[in-house]
Every structure is written in structure tokens, then in C-alpha cells.
Amino acid sequence: MRYRTVGSGALRVGAIGLGCMPMSWGYTASERNGRESLRAVHAALDEGATLLDTADVYGPFTNELLLGRVLCERRGDVFVATKVGLLVGEHHMVANGRPGHVRRACDASLRRLRTDVIDLYQLHRPDPEVPVEETWGAMAELVAAGKVRALGVCAPDPAPVGRRGGGSGTRPYAGTLEVLRRVQQVFPVSTVQAEFSLWSPAAGETLLPWCEARGVGLLASMPLGSGFLTGTLTPGSGFEPDDPRARHPRFTAEMMAANQVLPAGLRRVAERHPGATAAGVALAWLLTRGRHVIPIPGTKKERWARENCRAAALELSREDLAELAELPAARQSWN
């Protein structure tokens, strides 16, 4: 079993982590169930996952409280990652990168997680009102204090320009690369978290080379395209009003219909592997992108947690990879 060192902790290489956000925040509130979420976390750990990814803003706070119930029993099995830098308002989120807030937020996360150290502390979003070096410096002080083992950066979605048909040709994630350049001069970056999937490959084209050149891990969030790549979402089926996908232009009936070629291609490959699913192929594809990539699919169901983790054992053939490489790029809508 191989591990990559992150701070003084270790992430399992070739494994799949667990994104815990859907258990407490985002998507549909009616489907949240604390007991089922706890079973999902334990199932993922039983299947070999080590990384659990959360944030103080998820809930807010309730996601960390949920994981705290797991950590108090299985701390030795878990590489726990949480985030700082966002606050939830009544109808919006705001960034807060002030050093004082960073220090207070870390102490609060430690209490909720029931642990004395956070393995990976990630900057959720830079604060436009605070030089990112100041925020990162406060986070580095937490490492020196023994409260945090390593630091990471979360990348917002790339700007629409630079995508196929985007117009001006600005490089995707250009802003994130600039942030990384600046903070790397203050304290080493251990991970970068960004959306990365067969549906949204920009991070693999832009951020992954940066990570590989510096030995930095790339945490692939939304590796199943917020459920789209599982093939279980059908155009026009609709979402509950509180589900963010109900308002996202990617999930209009038109866009979903136009992009059905992607889950269809994943299903064709899955049919060549007994017991495999479209979701499993999508995750296995990410693991072929290199040892720096660790997918962190989000789920709140035990069944899907086990299925996702077992995708790490799926070996795609050259034929499989060639077929996936020939799939057309997803159509994007950002209006």
C-alpha cells in the first residue's frame, strides 16, 4: 500500500476519498439523514478510504460536528481535511481571510472535529479585502503551533473564458495559479482542490501540471459531475427547489440532453467490466491521470460510498482509455 506524505500525515495513493459536503449542505435537504451519513463515512473507511473532506461552512458547522462523531472513534484511520475562509450570510457567502478569523476558526473546527490536529487545512477562497499572503501566513502559524499539519488551496471554478468557445482565450484557473505562486513563497502548498472530471477536465490541463512539477496533490472534487456522470440523472426530470442544480445552467434539460454522450460512453466501458458502473469508470479514469490525483466524490449514502471506493480497484485497459479519450468535450453553459 503506497502513501504520499502531506505535512506529517499521509494520503493513500491510488485510493478514493470522501467528500462529506452533501451530508449537511448543498443539494436537497429532504434527503439528508444523520444516521445514514454516519454509515456512509464508516463504510468508506472500511473500504480503504482515508481522506475525509469537509469545511466549517458546510451546514454551517454541522458537517464538522458529524465527522467529529467518527473521529472520536476512528481518528487513526482518518486523514481529515477541512477549510477556512468563507462565511454564510442569509442569502449569500462572503470571504473572510483576516488572520484573527483564521485563528478562531481553526480552534472552533478542532473542537467540532474532536481532534487536536487537522491534517490538511485548506483556504476555501481568498478574501479580496486581505492580501492572500496575510491569510496564508496566519494558516502557516497554525502549522508551527501544531494545530495543523499541512495547507492546501481550493480553486474556484475556472472563468468561462478560455473554455471551448470562451472567446478571449484567458487560461483557465489563471487566478488560482497566481494565488498559488504568491502563497508558495510564504509556506509550501501541499494540495490543490478543484473540480476535475471527464465532464470538466480543465484542472487536469492547467492545475495538474503545476502540482506534478512540485509534488503537490490534486484533490479532484465533483469527480462525478454532481451526479451527472453516474447516468442516473435524466433531462427534464427536475430537481427540488432547494437543490442548487435546479438553478445551474449546466443542468438545464437542454444541456443535460446535449451531454448524454458522456454517461453513455462511461456505461459502454463499464459493460466490459463485470460489476462496474458508469460512476466507477469515471473515478477509475481520474486515477489514471497520475499519482497526484485523489478523487473525493461526495455522497450521503452507504451504498454509493462503498461503490465509489471500490472503483479504485477497477483497471481500465488501453482500449477503455482510448474510447474515453474520443468522447466529445462537454457542452458548457455559463449564462
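The values are calculated or read from the model by the stated rules, or taken from the named source; none is laboratory data. Please read all numbers here as calculations on a predicted model, not as lab measurements. Using ideal geometry, Cβ is built from the backbone for each residue, glycine included, and neighbour counts are taken over all protein chains shown. Just the protein is used for accessible areas: all its heavy atoms, side chains included, with ligands, DNA and RNA removed. Shrake-Rupley method; radii C 1.70, N 1.55, O 1.52, S 1.80 Å.
From the list Ala49, Ala44, Ala81, Ala55, the lone residue that is at pLDDT 95 or above and either part of a helix (DSSP H, G or I) or surrounded by fewer than 24 Cβ atoms within 10 Å (Cβ to Cβ) (or both) is Ala44. For segment 317-335, the set of residues classified as over 30 Å from Trp25 (Cα atoms) and either assigned to a helix (DSSP H, G or I) or open to solvent by 30 Å² or more (accessible area, probe 1.4 Å) (or both) consists of Ser317, Arg318, Glu319, Asp320, Leu321, Ala322, Glu323, Leu324, Ala325, Glu326, Pro328, listed by residue number. Evaluate the following for Arg112: is it modelled with pLDDT of 95 or more and closer than 26 Å to Asn33 by Cβ? Yes.
Only a single item in (1) open to solvent by 20 Å² or more (accessible area, probe 1.4 Å); (2) more than 24 Å from Arg247 (Cα to Cα); (3) assigned to a loop (DSSP other than H, G, I, E, B) is not met by Glu73, and it is number (3).
Residues in segment 12-41 that are in a strand (DSSP E or B) and out of contact with any Phe, Trp or Tyr (no Cβ under 9 Å at 6 or more places or on another chain) were compared, and the one that is surrounded by the most Cβ atoms within 10 Å (Cβ to Cβ) is Leu18.
Reported count of residues in segment 113-127, each being open to solvent by 40 Å² or more (accessible area, probe 1.4 Å) and either under 16 Å from Ala144 (Cβ atoms) or in a helix (DSSP H, G or I) (or both), is 1.
The residue of segment 185-216 that is nearest to Thr288 (Cα to Cα), among those that are of a type in the set (Phe, Trp, Tyr) and in contact (Cβ under 8 Å) with a residue 60 or more places away in the chain, is Phe196. The residues listed here are Val261, Val216, Val179; of these, the one that is hydrophobic (A, V, I, L, M, F, W, C) and in contact with a helix residue (DSSP H, G or I) (Cβ under 6 Å, 6 or more places away or on another chain) is Val179. What pairs can you find where one residue is in segment 266-286 and modelled with pLDDT of 95 or more, the other is assigned to a helix (DSSP H, G or I) and among the basic types (Lys, Arg), and their Cβ atoms are less than 6 Å apart, with a gap of 6+ or different chains? What qualifies is Ala278/Arg267.
All conditions in (1) within 23 Å of Ala40 (Cβ to Cβ); (2) modelled with pLDDT under 95 hold for Glu302, with the sole exception of (2).
Quick one: Val94 ticks every box in (1) in contact (Cβ under 8 Å) with a residue 24 or more places away in the chain; (2) more than 29 Å from Leu327 (Cα to Cα); (3) surrounded by fewer than 16 Cβ atoms within 10 Å (Cβ to Cβ) bar one, so which box is it? Against the list (1) in contact (Cβ under 8 Å) with a residue 24 or more places away in the chain; (2) more than 29 Å from Leu327 (Cα to Cα); (3) surrounded by fewer than 16 Cβ atoms within 10 Å (Cβ to Cβ), Val94 comes up short only on (1). Could you list, in sequence order, all residues of segment 271-300 that are touching a Ser or Thr at 6+ places or on another chain (Cβ under 7 Å), over 19 Å from Leu218 (Cα atoms) and hydrophobic (A, V, I, L, M, F, W, C)? Across segment 271-300, the qualifying residues are Ala278, Ala279.
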